[in-house]
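Where a number appears in this text, it was derived from the coordinates with a stated rule and is not lab data. All figures in this text were calculated on a predicted structure; none of them were measured in a lab. A quick note on method: Cβ atoms are made from the backbone with ideal geometry, for glycine too, and the neighbour counts reach across all protein chains shown.
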């Protein structure tokens, strides 16, 4: 956001953040689920979103801005939070193999080995 704010208008920066953050989180989620299967998508979506909310509250609002006014902006705060949650949940749902596939894989390895 700092880089965007230095080069474009506030509205453009907020829009770019609202669009870019979910794309980045979808890519991270895809990597997570393709490598390990991960936790259930709802757990990952809640965890990722909670981390972003906590970091925004503690680092950006409290330490940097010294104001929680940013949480009054739908475009700047609440829309990115919601889109991050949705993008992580949808990506995870599409890629999650679930506990049964991990159990079958373990059973297959044990049976073979």
Next item on the list: Give, in nm to one decimal, the length gained when the segment between residue 4 and residue 67 is fully stretched (0.36 nm per residue of separation minus the Cα-Cα distance).
Entry: 20.7 nm
Note to self: For Cα pairs less than 8 Å apart in space and 6+ apart in sequence, what is the mean separation divided by the residue count of the chain, i.e. the relative contact order in percent?
What the structure shows: 41
Next item on the list: Any chance you could list P(r) for the stretch 1-78, counting all Cα-Cα pairs in 10 angstrom bins from zero, rounded to whole %?
Entry: 16, 43, 29, 12, 0
Margin query: Among 80-86, 13-19, how do they line up by average Cβ neighbours within 10 Å per residue, starting with the highest?
Written below: 80-86, 13-19
